[in-house]
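The values are calculated or read from the model by the stated rules, or taken from the named source; none is laboratory data. Treat the numbers as computed from the prediction; the structure is a model and nothing was measured. We place every Cβ from the backbone using ideal geometry, glycine too, and count neighbours over all the protein chains shown. SASA here: full protein model, heavy atoms, side chains in, ligands and nucleic acids out. Shrake-Rupley method; radii C 1.70, N 1.55, O 1.52, S 1.80 Å.
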Amino acid sequence: MISIKRRQRGAPATMNSVGPQVQPSRQDEDYNLRETDPQLGGERWPNARRGWMTGGERFSSTHDLVEQMFYLYVRIVKAKDLHRSTLTSRCDPYVEVKLGNYKGRTKHVENKTNPEWNQVYAFSKDRIQSSVLEVIVKDKEMLGRDDCIGRVAFDLNEVPTRVPPDSPLAPQWYRLDDRRGGGDIMVAVWMGTQADEAFSEAWHSDAATVYGEGVFNVRSKVYLSPKLWYLRVNVIEAQDVIPGDRNRLPEVFVKVHMGSQVLKTKICPTRTTTPIWNEDLIFVAAEPFEEKLTITVEDRVHPSKDEVLGKIVLPLTLFEKRLDHRPVHSRWFNLEKFGFGMMEADRRNELKFSSRIHLRICLEGGYHVLDESTLYSSDQKPTARQLWKQPIGVLEVGILGAQGLLPMKMRDGHGSTDAYCVAKYGQKWVRTRTILDTHSPKWNEQYTWEVYDPCSVITLGVFDNCHLGGGEKGNAGTAARDSRIGKVRIRLSTLEAHRIYTHSYPLLVLHPHGVKKMGELQLAVRFTSLSLANMVYIYGQPLLPKMHYLHPFTVNQIESLRYQAMNIVAGRLGRAEPPLRKEVVEYMLDVDSNMWSMRRSKANFFRIMSLFSGMITMGQWFSQVCHWKNPITSVLVHILFLILICYPELILPTLFLYMFLIGLWNYRFRPRNPPHMDTKLSWAEAVHPDELDEEFDTFPTSRPHDVVRMRYDKLRSVAGRIQTVVGDIATQGERFHSLLSWRDTRATSLFVVFSLCSAVVLYATPPKVVAMVTGLYYLRHPKFRSKLPSVPSNFFKRLPARTDSML
């Protein structure tokens, strides 16, 4: 195992607690988005402050959205003809790279004079404390001090600089010079940036205190989500299903297992040995198909007892992949009646006579398997690659760094944070390297995604690494979990094409004691459009593939399948090296977005109220016009109304011209920055502590009975008000329905006579006159108005409703 260590620090830091050590909140804490002005690409361009970059101003470097960071790279390739001056012939060599206070050490190779390591070390230029680099080859001794075989020294002033797209620097042989041994070593030393190909696999000096398995957990990596399919199992019928008790007919249903997913059909309504169901069961499967489909036919012998009548296990590779809505062929499968413990004689008998089940099974390639909330979806492509369209753009994100991160754990008596950033868009996940023990980490890593739909969202999250090789434990001795620091979402449709956005996003997290700013994430984002015509065309296309509309799933199916898809994605990414842990994937995919929250309910209610605020304002303005609060406005409205009555062909053109002018006027006040987390919109600033405690409660609840009873009574009170509003809406609808239902014969008779008279009058009167009279009646002066309700309102309120029939 390779390790990197500093002389000043001995044993690794110990974790005394896991979780954020939250400081008291300030009253004037800033939750707003801030625009920044970093030196991207190592230099500035003329339009930097405006955030624009034209085609002629592009840099040749592929890392033009991050600040350049220089590193001293040392590649240890191999050695040959190693020998010692002592009498022993055994040699267990390893290499020690020494630069000032830093030492990097390769693993030792047992009893080999021509070892190979092929290891790269990266030393940050900002932390270089010496002008000489030493590469020392040593022989590992079981007892005592390791002997030096030889060494090579490099003057850093003579080290060449290499920046991609330059070709990699070729390593060279160097003679080891020492009195106690000798040989040759192949080394390459150069000065480069984070754009170097060796950057992601190198062992960094800023991770000097990490050892063991933690070495792998601090690297930057790119992950790909597994390819997900919907598996449709259409259970049609079964034949010759014989129960264990021959004196009764079975109550048969089918249970289908695939991994942790279990679904059942309904019990056949008729007791028979040839049951028919014709039900669809939908599962989520991931390539490569490691799990098998297990189908059992069972008999409901007792409400608490089911008896297996037959079973079959099928590999997923057996099934057809369907790309459209055309049906696939169904097949009959023989069931193993006696399970796995069948004797050979029983198997021969079963071949002569066995129960059968009729199935139609296929892998659906025309759907998009939803693994994230539809509100923040980053991908809408179908599973089958043959159905993908051409990309319409490219998204480039430079993850610059973070500022002001709060301490997340205690290390050596002081607060510490080991932060890394994760970004997810489409099937591609990226993870930056972990910067140890700093509240202002600098990553400066750039990543690129292909964009197939501009109406999608990229999610970035910052986490504290709790797996640094020290055997960290969480609370109550459980395995440590990477703590969430904050999350940022950026909707691509809110970005202007070819513009570079450089902003510092606040990292806001809701804790049980309230909302807290955990720091700021600094990003540089650019969305490049490849074709304006394709961009305009995509706005008229369905958001999801057509199979979602031809054969849609129910809401309950979508939520259940999304939960299964999230579990599969988290399981597969957790098996990578280094793993992208389950708590990270769940936080990025919003696994708990559908849990009950009084705070979210209030926020959604006020969102609805804000939608109707414009209509309410318009109604208030019209009421003022009708009551002549401003006579000039009322006169102008009368004139406009009469013009539209005389020239009705101007109504629609006037309406659309009005919207066009409003759009042009609002262009001056368009948002210049991407949207970000809004604490007021989320109703997070004025939330009650008990509501927060309820939101963070487990499911099922783990709170005391008194607290649960109090919350239940509160929920009943809120639900009672909602119930009253719903009942009032139903009452108004039933009154409208009773106009012609003859529930109230006198009211229906009056309405029928009124309808006949209205038909005669409207037939004989020109429509313009009717519209003019109606409009002038509603716009009449207050002198001609009565404070009492109108006759139609009084008549409508007297109509009967079905409230009398309610218990």
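Structure above, values below:
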quantity	calculated
Any chance Gly486 is modelled with pLDDT under 90 and either open to solvent by less than 40 Å² (accessible area, probe 1.4 Å) or over 23 Å from Met677 (Cβ atoms) (or both)	no
Hits in segment 660-679 - residues which are without any contact (Cβ under 8 Å) to a residue 40 or more places away in the chain and hydroxyl-bearing (Ser, Thr, Tyr)	Tyr667
Number of the condition not met by His548 [criteria: (1) closer than 25 Å to Ala480 by Cβ; (2) in contact (Cβ under 8 Å) with a residue 40 or more places away in the chain]	(1)
Residue check, Leu750 touching a helix residue (DSSP H, G or I) at 6+ places or on another chain (Cβ under 9 Å), at pLDDT 90 or above and assigned by the TED database to the domain that holds Cys646	yes
Enumeration of residues in segment 94-113 that are open to solvent by less than 30 Å² (accessible area, probe 1.4 Å), touching a residue at least 40 places away in the same chain (Cβ under 8 Å) and not polar (S, T, N, Q)	Tyr94, Val95, Glu96, Leu99, Tyr102, Gly104
So Arg491, is it open to solvent by 40 Å² or more (accessible area, probe 1.4 Å) and modelled with pLDDT of 90 or more	yes
Matching residues, segment 550-609, being touching a Lys or Arg at 6+ places or on another chain (Cβ under 6 Å) and either β-branched (Val, Ile, Thr) or assigned to a helix (DSSP H, G or I) (or both)	Ala570, Glu583, Tyr587, Met588
Of all residues making up segment 669-701, the number that are among the charged types (D, E, K, R) and outside any loop (DSSP other than H, G, I, E, B)	5
Pair list, Cβ under 8 Å, 6 or more apart: segment 172-200 residue within 19 Å of Cys148 (Cβ to Cβ) and open to solvent by 30 Å² or more (accessible area, probe 1.4 Å), other residue at pLDDT below 90 and not in a strand (DSSP E or B)	Arg179/Ser85; Arg180/Ser85; Arg180/Thr86
Unmet criterion (only one of (1) open to solvent by 60 Å² or more (accessible area, probe 1.4 Å); (2) not in a helix (DSSP H, G or I)) for Phe612	(2)
Qualifying residue in segment 78-101 (condition: at pLDDT 85 or above and within 36 Å of the chain's Cα centre (by Cα))	no
Restricting segment 214-229 to residues that are open to solvent by less than 20 Å² (accessible area, probe 1.4 Å) and outside any helix (DSSP H, G or I), the residue that is farthest from Asp371 (Cα to Cα)	Ser220
Of residues in segment 141-174 being charged (D, E, K, R) and touching a strand residue (DSSP E or B) at 6+ places or on another chain (Cβ under 6 Å), the one modelled with the lowest pLDDT	Asp146
Selection status of Ile643, at pLDDT 90 or above and either part of a helix (DSSP H, G or I) or out of contact with any strand residue (DSSP E or B) (no Cβ under 8 Å at 6 or more places or on another chain) (or both)	no
Looking only at segment 254-279, and only at residues there that are over 17 Å from Ser354 (Cα atoms) and out of contact with any strand residue (DSSP E or B) (no Cβ under 6 Å at 6 or more places or on another chain), the one that is most open to solvent (accessible area, probe 1.4 Å)	Lys266
Segment 429-448, residues that are hydrophobic (A, V, I, L, M, F, W, C), open to solvent by less than 10 Å² (accessible area, probe 1.4 Å) and either over 20 Å from Ser416 (Cβ atoms) or not in a strand (DSSP E or B) (or both)	Trp429, Val430
In segment 243-261, residue farthest from the chain's Cα centre (by Cα) [restricted to those that are in a strand (DSSP E or B) and closer than 18 Å to Leu335 by Cβ]	Val252
Out of Val525, Val591, sole residue that is at pLDDT below 90 and either assigned by the TED database to the domain that holds Gln427 or open to solvent by 40 Å² or more (accessible area, probe 1.4 Å) (or both)	Val591
Any chance Gly469 is within 25 Å of Pro579 (Cα to Cα), in contact with a helix residue (DSSP H, G or I) (Cβ under 6 Å, 6 or more places away or on another chain) and either among the aliphatic types (A, V, I, L, M) or open to solvent by less than 10 Å² (accessible area, probe 1.4 Å) (or both)	no
Residue under evaluation Asn666, criteria (1) in a helix (DSSP H, G or I); (2) of a type outside the set (D, E, K, R); (3) surrounded by 10 or more Cβ atoms within 10 Å (Cβ to Cβ), criterion not met	(3)
Filter result for Gln239 (among the polar types (S, T, N, Q) and crowded, with 17+ Cβ neighbours inside 10 Å)	no
Filter result for Gly192 (more than 33 Å from the chain's Cα centre (by Cα) and either outside the structural domain of Val585 (by the TED database) or not charged (D, E, K, R) (or both))	yes
Complete set of residues in segment 71-86 that are of a type outside the set (Val, Ile, Thr) and open to solvent by less than 70 Å² (accessible area, probe 1.4 Å)	Tyr71, Leu72, Tyr73, Arg75, Lys78, Ala79, Leu82, Arg84
Residue in segment 287-298 that is aliphatic (A, V, I, L, M), open to solvent by 10 Å² or more (accessible area, probe 1.4 Å) and outside the structural domain of Pro552 (by the TED database) present	no
Pairs with Cβ under 9 Å, 6+ apart, first in segment 621-634 and more than 13 Å from Arg780 (Cβ to Cβ), second modelled with pLDDT under 85 and open to solvent by 50 Å² or more (accessible area, probe 1.4 Å)	Phe622/Tyr778
